[in-house]
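Colleague: First the structure, then my questions, so here it is.
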Amino acid sequence: MKPNIRVGYGYDVHALAEGVDFWIGGIKVPHTHGAYGHSDADVLIHVICDALLGAANMRDIGFHFSDKDPQYKGIDSKILLKRVVDLLDEAGFGIVNVDTTVCLQQPKLSPYIEPMKTKLAEVMGLPVEDVSVKATTTEKLGFVGKEEGVAAHAVVLIYRK
């Protein structure tokens, strides 16, 4: 008998721009630059959405929330994540855990990891111990290392209820 679990993976990048608010993991992080995008450009939430949708074979975040649709201009990504969780629930899936990594040279995210985990867990209706957020630099290599952008990865485990 086939187990009723599925794994999903998400990857996203956003350019950094001066004078833009930096939203990451549902938390506003003080910095001179922020991620630029159609929504609030929360790269961490976007990868979680993609990983969850992918695990459920429900396409990706762009399919459900097109950057061509003006209703999503500047939207709080926490709203999108909640909608994704609701879509999974409607399709009969629950979330086991979420594991993420943010790739960013500056600012250092260590002081914000616990608040991010708490906020993400709250939005997804999960215990905080089921949400992992890690951060790393790219040792000054590539667009992340040159502080031109931010990247994130997510792996999720879901189950059929």
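The values are calculated or read from the model by the stated rules, or taken from the named source; none is laboratory data. The structure displayed is predicted, hence computed values, not measured ones. So basically every Cβ, Gly included, is an ideal-geometry build from the backbone, and we count neighbours across all protein chains shown. Side chains included, ligands, DNA and RNA excluded: accessible areas come from the protein's heavy atoms. Shrake-Rupley method; radii C 1.70, N 1.55, O 1.52, S 1.80 Å.
Colleague: Pick out the one residue from Ile48, Ile61 that is hydrophobic (A, V, I, L, M, F, W, C), under 19 Å from Trp23 (Cα atoms) and out of contact with any strand residue (DSSP E or B) (no Cβ under 7 Å at 6 or more places or on another chain).
Modeller: On the way: Ile48 fails: out of contact with any strand residue (DSSP E or B) (no Cβ under 7 Å at 6 or more places or on another chain).
Within the list Ile48, Ile61, the selection yields Ile61.
Colleague: Here's a follow-up. Look through segment 100-138, keep the residues that are among the aliphatic types (A, V, I, L, M) and assigned to a helix (DSSP H, G or I), and return whichever of them is farthest from His14 (Cα to Cα).
Modeller: Initial filter on segment 100-138 (among the aliphatic types (A, V, I, L, M)): 102, 104, 109, 113, 116, 120-121, 123-124, 126, 128, 131, 133, 135.
When the remaining residues are screened for being assigned to a helix (DSSP H, G or I), the result is 113, 116, 120-121, 123-124, 128.
Details: Ile113: 19, Met116: 18, Leu120: 19, Ala121: 23, Val123: 22, Met124: 23, Val128: 26 Å.
It comes out as Val128.
Colleague: Quick check: anything in segment 12-28 crowded, with 24+ Cβ neighbours inside 10 Å and either at pLDDT below 95 or farther than 13 Å from Leu104 by Cβ (or both)?
Modeller: no
Colleague: Among the residues of segment 29-45, write down those that are open to solvent by less than 40 Å² (accessible area, probe 1.4 Å), of a type outside the set (A, V, I, L, M, F, W, C) and more than 15 Å from Glu147 (Cα to Cα). Walk me through how you get there before you give the answer.
Modeller: Going through segment 29-45, the residues open to solvent by less than 40 Å² (accessible area, probe 1.4 Å) turn out to be 29, 34-35, 37, 39-45.
Then keep just the ones that are of a type outside the set (A, V, I, L, M, F, W, C); that gives 34, 37, 39-40, 42.
Of everything in segment 29-45, those that are open to solvent by less than 40 Å² (accessible area, probe 1.4 Å), of a type outside the set (A, V, I, L, M, F, W, C) and more than 15 Å from Glu147 (Cα to Cα) turn out to be Gly37, Ser39, Asp40, Asp42.
Colleague: Another one. If you scan segment 18-33, which residues turn out to be in contact with a His (Cβ under 6 Å, 6 or more places away or on another chain) and of a type in the set (A, V, I, L, M)?
Modeller: Across segment 18-33, there are no qualifying residues.
Colleague: Here is a follow-up. Can you find a residue in segment 116-124 that is loosely packed, with under 14 Cβ neighbours inside 10 Å and farther than 18 Å from Leu53 by Cβ?
Modeller: Checked segment 116-124: no residue is loosely packed, with under 14 Cβ neighbours inside 10 Å and farther than 18 Å from Leu53 by Cβ.
Colleague: Among the numbered criteria (1) under 26 Å from Ile158 (Cα atoms); (2) among the hydrophobic types (A, V, I, L, M, F, W, C); (3) outside any strand (DSSP E or B), which single criterion is violated by Val20?
Modeller: Val20 satisfies all of (1) under 26 Å from Ile158 (Cα atoms); (2) among the hydrophobic types (A, V, I, L, M, F, W, C); (3) outside any strand (DSSP E or B) except (1).
Colleague: Taking interchain pairs and intrachain pairs at least six residues apart, which have beta carbon atoms under 6 angstrom, with the first residue in segment 46-59 and buried (at least 19 other Cβ atoms within 10 Å of the Cβ) and the second modelled with pLDDT under 95 and of a type outside the set (Gly, Ala, Ser)?
Modeller: What qualifies is His46/Ile61; Cys49/Ile61; Asp50/Ile61.
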